[in-house]
1. Can you name the number of the only condition in (1) of a type in the set (Phe, Trp, Tyr); (2) open to solvent by 40 Å² or more (accessible area, probe 1.4 Å); (3) at pLDDT 95 or above that residue 43 fails?
2. If you scan the range 55-68, which residues turn out to be in contact with a Pro (Cβ under 9 Å, 6 or more places away or on another chain) and in a loop (DSSP other than H, G, I, E, B)?
3. Just a yes or no: is a residue in the range 36-47 part of a loop (DSSP other than H, G, I, E, B), in contact (Cβ under 8 Å) with a residue 24 or more places away in the chain and at negative phi?
4. For residues that are surrounded by 15 or more Cβ atoms within 10 Å (Cβ to Cβ) and more than 23 Å from residue 145 (Cβ to Cβ), scanning just the range 162-189, find the one that is modelled with the highest pLDDT.
5. Can you confirm whether residue 134 is within 17 Å of the chain's Cα centre (by Cα), crowded, with 16+ Cβ neighbours inside 10 Å and over 25 Å from residue 60 (Cβ atoms)?
6. I'm trying to understand the selection: among the residues of the range 17-40, which are touching a Pro at 6+ places or on another chain (Cβ under 7 Å) and open to solvent by 30 Å² or more (accessible area, probe 1.4 Å)?
7. Take the range 242-272 and flag every residue that is touching a strand residue (DSSP E or B) at 6+ places or on another chain (Cβ under 6 Å) and at pLDDT below 90.
8. Inside the range 116-165, can you point out the residues that are in contact (Cβ under 8 Å) with a residue 12 or more places away in the chain, assigned to a helix (DSSP H, G or I) and of a type in the set (D, E, K, R)?
Amino acid sequence: LSLFIFYGYCMAPDARFIIHAGDLVNNPHYERQWHEWFQAGGFIHSMLPSIPTPGNHEYGPYVQGGKELLSVQWPYQFTLPKNGPKKLAETTYYVDYQNTRLISLNTNSMVEEQVEWLDSVLAENEKKWTILTFHHPLFSGSAGRNNQQLRELWKPIFDKYKVDLVLQGHDHTYARGRAVKPELNLTAGMNKRDYSGTVYVVSVSGGKMYGLMPNGWEDFEDAERDRGAENTQLFQVINVDGDKLSFEAYTATGQLYDAFDLIKSGKDIPNIFVER
């Protein structure tokens with residue numbers, strides 16, 4: 001983790017915050033593991049705010065055989081907005097930074113109850129860019145995984161409000177692609193690869209790896225995986241400048257692995273997607 005935070009800081013020394021897509025520790029209630037997480041970030045943690053979303057490893061029984069609970073350390077170690085559902089305080093929330101709204105959702109608990117809240121937060125959103133982060137992917141990167149319930153509950157909301165980018169974890173692989181109905185892709189002579197709905201990214205920065213789903217996203221309706229990788233540790237640098245969002249994924253040694261731009265082309269027109 002320290003290597004990735006250091007390289008990320010070197011690649012983006014003017015970054016305003018760091019997003020963590022869950023599974024910050026392995027055992028949720030172990031103080032020693034949280035100490036290691038903060039120690040790994042070192043001075044960078046004292047300079048840049050962290051925007052974390054909880055993974056499944058932030059949940060577990062506090063006593064053997066007990067109920068799955070959010071890490072007892074979570075609310076004491078992070079000062080996060082309390083503008084989400086009351087029972088999901090500091091795990092489901094949103095942050096506005098300049099012309100971007102960043103929303104954290106909790107895929108571990110009360111996923112149905114978050115639909116109404118998310119709809120209201122997106123309905124009143126006047127920011128130009130919308131980025132979501134949560135742990136379990138809507139479109140999985142690894143073989144043998146399929147979060148159908150999340151797709152059915154949340155994707156219609158993403159499509160309705162034209163969410164720009166979704167950042168996810170959990171699968172220990174890298175997968176990046178889009179998922180919009182063909183009729184939303186084709187207009188004014190622009191082809192499917194030029195005209196984009198929401199871009200979905202799954203990534204892993206740790207050393208634990210799973211196998212990549214062999215047939216891409218062919219099993220998912222209207223989904224197309226543009227890029228995938230296994231056994232590859234990656235971190236991302238995202239820059240928003242006016243009508244342009246730039247995304248870059250780097251390896252553990254700082255080599256550029258994947259990159260694309262999203263360009264706003266009009267209020268009710270999907271983004272122009274440019275792969276680099």
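1. Of (1) of a type in the set (Phe, Trp, Tyr); (2) open to solvent by 40 Å² or more (accessible area, probe 1.4 Å); (3) at pLDDT 95 or above, only one is false for residue 43: (3).
2. 62, 67
3. No, there is no match, as no residue in the range 36-47 is part of a loop (DSSP other than H, G, I, E, B), in contact (Cβ under 8 Å) with a residue 24 or more places away in the chain and at negative phi.
4. 164
5. Judged against the criteria, residue 134 is not a match.
6. The one that is touching a Pro at 6+ places or on another chain (Cβ under 7 Å) and open to solvent by 30 Å² or more (accessible area, probe 1.4 Å): 17.
7. Within the range 242-272, 265, 270, 271, 272 meet the criteria.
8. 119, 151, 155, 159, 160
The values are calculated or read from the model by the stated rules, or taken from the named source; none is laboratory data. Predicted model only: the values in this text are computed from it and were never measured. Because the Cβ atoms are built from the backbone with ideal geometry, glycine has one as well, and the counts that use them run over all protein chains shown. For accessibility, only protein heavy atoms count, side chains too; no ligands or nucleic acids. Shrake-Rupley method; radii C 1.70, N 1.55, O 1.52, S 1.80 Å.
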